[in-house]
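Comments concern the structure below.
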Amino acid sequence: MNILLTGGAGFIGSHLVRRLLTRSEHQVVNLDALRYSGNLTNLESVQQHPRYRFVQGDICDQPLVESLFQAHRIDGVINCAAETHVDRSILDPGSFARTDVVGTGVLLEAARQAGVRRFLQVSTDEVYGSVETGTSSETDRLAPRSPYSASKAGGELLALSYWTTYKFPVVVTRGSNTYGSHQYPEKFIPLFVTNAIDGQLLPLYGDGRQCRDWLAVEDHCAGIEHAFLHGEPGTAYNIGGGNERENLTVAEVILDSLGQPKSLLRYVSDRPGHDRRYAVDCSRLRELGWKPAVAFADGLRETVRWYQEHESWWRPIKSGEFKRYYEEQYRRRLEEGTACGS
Ligand code: DAU
């Protein structure tokens, strides 16, 4: 297939580009706006690949998007392009509605007009909202609670409406918290790992007892590819790692693995509307033949090692735009935070 993969310079997108080029025969056109978290160094290993093309641009740019379908005879789309960080959605909700809803709409319509055979919308388990007990299955009611998850829910509902209305073959994946190499250090694991490497404080929101189901990026990409190739049109698929952990536990493992003391932990004021827990039932995708392969202990160890060995990747990021964001998000909270055990 000739696949248009959007957001391919980001974290999950770049892992997926590399996977498709090394493990399949597909042509990949990567459309990425290269905003703050898009990074072409993530793709250095494939930039000369004969089946790879990069185009810088925005999924909201309708003339550009339409031209790509014709120029590259695109017959499959994987939409990874998104604003993804919950904390940033609280600071600037409009940009999330724009990219995650409007951009998805532009892409869907251009793909439908071009007669694309397959469209996969990468969504998130956050669309179910906070799940106090049990697990979410795909038929559960969507109850997003942040501007980020509400925008993702809007995008995926628009995608699913294209199946109901036009029989346009859309598949949706709802992935859980993903971790691995090349993740922008605003997210919990890379932020805590890089802060710990530098002996800086680790800001735990609220009581630190929120639960997330950690999914290795390789397993997430395998799930996306599997749903793209084998999923039923008009259907959503949960993708989870089966590794539920409290944030405090993950933070302690990170500190241990870097030989840093627990005194670096700081309880800081909570994220507004913070979802307590997510957990997904993945039996639908498992029945199609996918299952996660990476044990969390191994994946986390490898991830910590990657950040230790790739300071040249994350140090320039942390000293640029990120520094302003970090100040705004954390300085006051850290000053007012309390140490672990106090
Ligand atoms: O569940 C899938 C989702 O996982 C993805 O759709 C999102 O794009 C991704 O950002 C992630 O959302 P979370 O909000 O769960 O991830 P984040 O890494 O921001 O936070 C993970 C947990 O750690 C959450 O309970 C908040 C907490 N946290 C996070 C940060 C950045 C802290 O305690 N301190 C922090 O500084």
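Remarks
- For the stretch 115-148, the set of residues classified as in a loop (DSSP other than H, G, I, E, B) and either hydrophobic (A, V, I, L, M, F, W, C) or within 12 Å of the ligand (Cβ to nearest atom) (or both) consists of Val116, Gly129, Ser130, Val131, Leu142, Ala143, Pro144, Arg145, Ser146, listed by residue number.
- Filter pass, Thr133 being outside the structural domain of Leu300 (by TED's automatic domain parsing) and of a type outside the set (D, E, K, R): yes
- Every condition in (1) surrounded by fewer than 21 Cβ atoms within 10 Å (Cβ to Cβ); (2) closer than 29 Å to Thr164 by Cα is met by Arg276 except one, and the failing one is (2).
- Test: residue in the stretch 104-114 that is in the same structural domain as Asp75 (by TED's automatic domain parsing), in a loop (DSSP other than H, G, I, E, B) and within 11 Å of the ligand (Cβ to nearest atom): no
- Verdict on Ile90 being among the aliphatic types (A, V, I, L, M), over 14 Å from the mean Cα position of the chain (by Cα), part of a loop (DSSP other than H, G, I, E, B) and under 25 Å from Leu34 (Cα atoms): no
- Test: residue in the stretch 209-229 that is out of contact with any Gly (no Cβ under 7 Å at 6 or more places or on another chain), within 22 Å of Ala159 (Cβ to Cβ) and surrounded by fewer than 18 Cβ atoms within 10 Å (Cβ to Cβ): yes
- When Trp290, Trp306 are checked against the criterion of being outside the structural domain of Arg23 (by TED's automatic domain parsing) and assigned to a loop (DSSP other than H, G, I, E, B), a single residue qualifies: Trp290.
- Close pairs from the stretch 254-281: first closer than 24 Å to Ile239 by Cα, partner in a strand (DSSP E or B) and among the hydroxyl-bearing types (Ser, Thr, Tyr), Cβ under 8 Å, at least 6 apart: His274/Tyr205; Tyr278/Ser136; Ala279/Ser136; Val280/Ser136; Asp281/Ser136
- Contacts under 6 angstrom Cβ, first residue in the stretch 307-321 being in contact (Cβ under 8 Å) with a residue 40 or more places away in the chain, partner among the hydroxyl-bearing types (Ser, Thr, Tyr) and surrounded by 14 or more Cβ atoms within 10 Å (Cβ to Cβ), 6 or more apart: Tyr307/Thr194; Trp314/Thr194; Glu321/Tyr36
- Qualifying residue in the stretch 264-277 (condition: in a loop (DSSP other than H, G, I, E, B), within 9 Å of the ligand (Cβ to nearest atom), closer than 18 Å to Asp140 by Cα and under 21 Å from the mean Cα position of the chain (by Cα)): yes
- Of all residues in the stretch 159-197, those being closer than 14 Å to Val304 by Cα and free of Cβ contacts under 8 Å to residues at least 60 places away in the same chain number 1.
- Count of residues meeting criterion [within 13 Å of the ligand (Cβ to nearest atom) and of a type in the set (A, V, I, L, M, F, W, C)] in the stretch 314-342: 3
- Top-ranked residue of the stretch 44-98 - restricted to ones that are buried (at least 19 other Cβ atoms within 10 Å of the Cβ) and among the acidic types (Asp, Glu), ranked as nearest to the ligand (Cβ to nearest atom): Glu83
- Note on the stretch 159-257: enclosed helices (runs of 4 or more DSSP H) holding 1 or more residues that are within 9 Å of the ligand (Cβ to nearest atom) are 188-197, 247-257.
- Those residues of the stretch 68-87 which are within 21 Å of Phe168 (Cβ to Cβ), assigned to a helix (DSSP H, G or I) and touching a helix residue (DSSP H, G or I) at 6+ places or on another chain (Cβ under 9 Å), in sequence order: Leu68, Phe69
The values are calculated or read from the model by the stated rules, or taken from the named source; none is laboratory data. As the structure is a computational prediction, the values presented were derived from the model and not from experiment. Backbone-built Cβ (ideal geometry, glycine too); neighbour counts: all protein chains shown.
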